[in-house]
Amino acid sequence: MDNTMDRRALFRGALGVAAASVLTACGGGGSSSGGGVSNAGKQLVPWPAYVPFAGPKPDAAGDDTGVQNLYLKYPETLVQSVNDTVGDGSKVTALVVTYGPPPTPVTQNRYWQAVNKALNVDLQVTVVPDPEYGQKMTTLMASGSDLPDIIMFTNLALPHSLEFIQASCADLSEFVGGDAVKQYPNLANIPTYAWKGMGRINGKIYGIPLERPTPANSLFVNRTAMNEADIPETWTTEQYLEAMKELSGDRKWGLGWFKTLFGGLGSITYHAGSLGAPNTWSLSGGQFTTTLGTPQFEQALEVMRKLVEAKTVYPDSLTVSSTDMQTHFHNGTVASMQDGFGSMSLATLTKINGRFELGMGYPYGPSPTPWQGPGMFGYVTFKKAAPERIKMLLRISDYLSAPFGTKEYELANYGVEGVHFTKEDGGIKTLELFQTENNSTLPFRYIGTAPSVIYLPGHPETARAVYDWQKATLPKSVADPANGLRSATAVSKGAQIGRIAGDGIAAVVFGRKPPSAWKDIVTQWRNAGGDQVAEELAKEHAAAQ
């Protein structure tokens, strides 16, 4: 399943490993203002020029609020976006995360073989399951040796990862900064918001962002169950609470959460946005203020507590895994769940297998501010190498970032026609081999990925519903003003203070602490580093203006 960073960023693994060894391997430390990785007072490399791909005409157009282009049919004619030879026949190693089973070995994997042939390299990909990725990355950074050519960074709170990148990975500024990116047209097609979401390090660009749509962690609903209960698509706070009650009982529940949502603010994103809370931070007069202390955030806590008290929430939501909760949603055990927007995918619809109509939950408050995500799932960096080698690695990422409507996109996303898919009735129909050979089991999309569109082959009604949901919600949505800014404390203590917030939310929502305890939890969060983060963000923001 293609899950966006908005959920996966909630994972906070491998933070017990000694940060000192990582810092030593990275060749230096950072001050409380970000030190060598801070952008404050630095000359900033311009963001890569944005040159959008003139692709196939959509059935409904996106807009600058983040609404995506809608395609109800697959393009009849595809264009070639890469005409030059990509690779030099050499071996290229890559390390990426995976959320699915391991891929079939390359000797037996026709998808892998086809991509290697197209790239003209021997691309050897090491895939690491996401529960183990933090430990793997921390060990890799601590060793500082035997680095793969391509390293994917998710948004795990890895201490001193920015120092590591600056010391061990290639500075890409001269290759992609400003107009230079036009040498790689598919990278130039990545929207500026994704580059900003990745951010600079010491004023420079060190990675290629893996773009994702604007919506943050969202509510997915069993629209069929809701229709049968006469629950409308839009609702007030009271109607939402009543709907969850109506959908609960007889070993079924209205809503399901999962363990890693409580590693930070993931569990409350939908509710806080519904009730108008600022997205993580608010920015006024150059100063950052946490959303945790706002009345709207406390109202969201109250709604979540009422959901639990009414027994509408899956009882093991604090311990169940995301994968198991997805299964509970797919089979109808829970009628809604919060997940990354990328879960609105063909993979999810395949797992639902026609049992119900999939829909999106609209915000329920009178003045909602739905939260936006950072616009990217993570980013890829390249091990330091000679300029020609770096250019080749950029060409690989450029090929895999080819947009919808190109032959390269078709190969990267669906495999080989007649082997992994066929084209029927104006759309893609996947074949049996696609179930084991695809870009989930072998996630090339974490080396380069196209800006996403709404296209759900075989499910045009669902695709149209997603588009309508975006048109209704995204104009009111708000971004996190800290998006892309650097804070040394957020990197070194982000997981710790995230756990304070997440544990506090769980304690209040599940009744282990009274609502009045929240103010003390916020104070603990501030004292543990939250206030220091706010100060550092203010300095970074001032430098970026």
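The values are calculated or read from the model by the stated rules, or taken from the named source; none is laboratory data. What you are looking at is a predicted structure, and each value in this text was computed from that prediction instead of being measured. As a convention, Cβ positions derive from the backbone with ideal geometry for all residues, glycine included, and neighbour counts pool all protein chains shown. With ligands, DNA and RNA removed, areas are computed over all heavy atoms of the protein, side chains included. Shrake-Rupley method; radii C 1.70, N 1.55, O 1.52, S 1.80 Å.
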For residue 451, the lone unmet condition from (1) under 18 Å from the mean Cα position of the chain (by Cα); (2) assigned to a helix (DSSP H, G or I); (3) surrounded by 21 or more Cβ atoms within 10 Å (Cβ to Cβ) is (2)
Taking the stretch 414-433 and keeping residues in a helix (DSSP H, G or I) and crowded, with 21+ Cβ neighbours inside 10 Å leaves 414
I'd like to check something: does the stretch 82-105 contain any residue that is among the small types (Gly, Ala, Ser), assigned to a strand (DSSP E or B) and either open to solvent by less than 10 Å² (accessible area, probe 1.4 Å) or at pLDDT 95 or above (or both)? yes
Take the conditions without any contact (Cβ under 8 Å) to a residue 24 or more places away in the chain and crowded, with 18+ Cβ neighbours inside 10 Å and apply them to residue 504. Does it pass? yes
Within the stretch 280-289, the residues that are touching a residue at least 24 places away in the same chain (Cβ under 8 Å) and either farther than 18 Å from residue 526 by Cα or of a type in the set (Ser, Thr, Tyr) (or both) are 280, 282, 286, 289
Listed by range, helices (runs of 4 or more DSSP H) wholly within the stretch 290-374 having at least 2 residues that are open to solvent by 20 Å² or more (accessible area, probe 1.4 Å) and more than 25 Å from residue 522 (Cβ to Cβ) are 322-330, 346-352
Filter the stretch 251-278 for residues that are at pLDDT 95 or above and open to solvent by 10 Å² or more (accessible area, probe 1.4 Å); the one that is farthest from residue 295 (Cα to Cα) is 251
Counted residues in the stretch 123-146 being within 26 Å of residue 399 (Cβ to Cβ) and touching a helix residue (DSSP H, G or I) at 6+ places or on another chain (Cβ under 6 Å) come to 2
Does residue 512 qualify as being touching a residue at least 24 places away in the same chain (Cβ under 8 Å), of a type in the set (Lys, Arg) and open to solvent by 40 Å² or more (accessible area, probe 1.4 Å)?
no
